[in-house]
Amino acid sequence: MNGFRTILGERGVIEDADDIDPWVHDWRGRYHGASRAILSPATTHEVAVVVMLANEMGVPLVPQGGNTSMVGGATPPPDGSALILSLRRMNSIRSISAQDNLAVCEAGVILSNLHDAAQAIDRRFPLSLGAKGSATIGGLISTNAGGTQVLRHGTMRALVEGIEAVLPDGSIHHGLDALKKDNRGYDIKQLLIGAEGTIGIVTAGSLRLVPSIADRAVGWACVASPQDALALLRHAERTIGNVVEGFEILGDDTLAAALNLLPGARCPTQTRAAWYVLVEVDLDAVGGPSAYERLESALATAFEKGIVTDAVIAANEAQAEQFWRIRESLSAAERSLGPALQFDISVPVASMPAFMIDAAQAAEQQFPGTTTSSFGHLGDGNVHFHVRAPAGTDGPSWIAQTGPIISAYVHDRVVAAGGSISAEHGIGQMKRAELGRLASPAQIHALRAIKAAFDPGGIMNPGKLIPLASEA
Ligand SMILES: Cc1cc2nc3c(=O)[nH]c(=O)nc-3n(C[C@H](O)[C@H](O)[C@H](O)COP(=O)(O)OP(=O)(O)OC[C@H]3O[C@@H](n4cnc5c(N)ncnc54)[C@H](O)[C@@H]3O)c2cc1C
């Protein structure tokens, strides 16, 4: 550890077991690792020298930001062979410009801090998620994170204009320039986005900002089915244009769990339905019909067409926040219903409504006693599909014994529907074997070839993303 201490100083090397402990378990508490130390560089240069030394010594590194990975991506292996490389000290916003619509952030900047900084210059970074108070720019880039605004603004792939990174040999990729056009062959930036720390350490990113919201309206609509929910989205897009920024679906059972969990919360509409949609319309500029008027007109005509059965638009910001509070509580609400297997899946958008119904019925039939629910980003073809354990079951042993069988069943259906077993959370260690089982030989070959080309010594985040020889 002396070599690392020489580079980083006392502050940059944490060896106290109590200080290390919170960072060797994943957010869901499913993976438990071990590490002798957390290395905590403060500059890109320090990252480069640390990586060079680790490469020489053959010491594996696990890059870590906020440790909010849903797939055990930032948890070190349990044998203690790897060191954690935390980027959390690299937390400065190097520059932010309304003129360029750009923020250059170091990897350890927490998402909500970027939101605040952008707001201060009358701009916004249009990506948000439940872990925004902990998730870092480096982690968001490395998982190609999504969230609730992908419909209009895309995932991190669409929002990252440039990347600075340290590659596994310790060399620095200086790629922060935000070029609109750049055709110099392979795009290293896009290779690093979503690479889950397996081919390099992201030290900073140039991120696209958009105008702050000039006017917004948030509505809650009752629909009879996911098919009608999708019909509402297409109807809204056709009638009011590309201003629908949020479009989230949930079932009545999920709503009931949320209302149970949130003190004082109530269903926004007078009537209940089988399904609900939370819809947000955002205008970048004022002029013409307001966001409220546009949403009201879309919902009224959808009502006339029989697509929605009831709807309400938040009368003010406080009410809009109440609607979103329900949406943001859904993961916790679902957890309160007992042990469950949670699938973060996508299929082509047009196929998602039927998938939600068919897969739920099929899973409940195939595994008697289980109950299912799905909620989330319908407009992106991405829902969180949950299969809950039969009542009275011991959660951990049910997950250990039946989990792999149910996972394989659900993933097979996803693949048969032309979908992905990881829509936004990545592969990490949780889905590595399933990726190996289901990906095409060409995809596995490409993943391994890229990994080997960048990281021949295999020091970058071992055990994550790339299926083992026995798994493919
Ligand atoms: C409540 C909650 C809600 C969530 N909602 C969403 C959602 O809506 N959409 C979504 O996409 N995700 C969501 N997530 C998952 C998670 O927040 C994202 O994956 C996030 O991008 C992880 O950021 P992090 O800084 O915590 O990264 P970590 O968890 O620390 O790391 C994630 C992965 O990135 C790697 N990594 C981290 N930093 C770097 C770096 N600087 N360079 C190279 N590799 C690095 C790690 O090794 C690991 O593989 C949610 C998580 C929680 C807990």
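Every number in this text was worked out from the coordinates using simple rules, so none of it is lab data. Please read these numbers as outputs of a predicted model, since none were measured by experiment.
Here are some notes:
- Angle in degrees between helix 395-416 and the longest Cα principal axis of the chain, rounded to the nearest 10: 70 degrees
- Taking only the Cα atoms of segment 2-86, the radius of gyration and Dmax are 12.3, 35 Å.
- Å³ per residue enclosed by the Cα convex hull of segment 215-328: 91 Å³
- For segment 93-211, radius of gyration divided by Kirkwood radius, i.e. Rg to Rh on alpha-carbons: 0.94
- Average Cα contact separation per residue, segment 215-328, under 8 Å, 6 or more apart, as relative contact order %: 47 percent
- Overall, the ratio between the Cα radius of gyration of the chain and 2.2 N^0.38 Å, rounded to two decimals, is 1.00.
- Under a 5 Å amide H cut-off, with hydrogens placed 1.01 Å from N, H173 pairs with A165, V166, L167 among residues at least 5 apart or on other chains.
- For R124, distant residues with modelled amide H under 5 Å away: V210, S212
- Nearest-ten-degree value, helix 291-304 long axis tilted from longest Cα axis of the chain: 50 degrees
- Calculated P(r) tail over 22 Å for segment 386-472, as whole % of Cα pairs: 35 percent
- Amide H contacts under 5 Å for D310, placed H, 5+ residues apart: C222
- Size of segment 315-415 from its Cα atoms: along the principal axes, largest to smallest, the extents are 48, 32, 17 Å.
- Counting only alpha carbon atoms, the long axis of helix 352-366 and the longest principal axis of the chain meet at about 80°.
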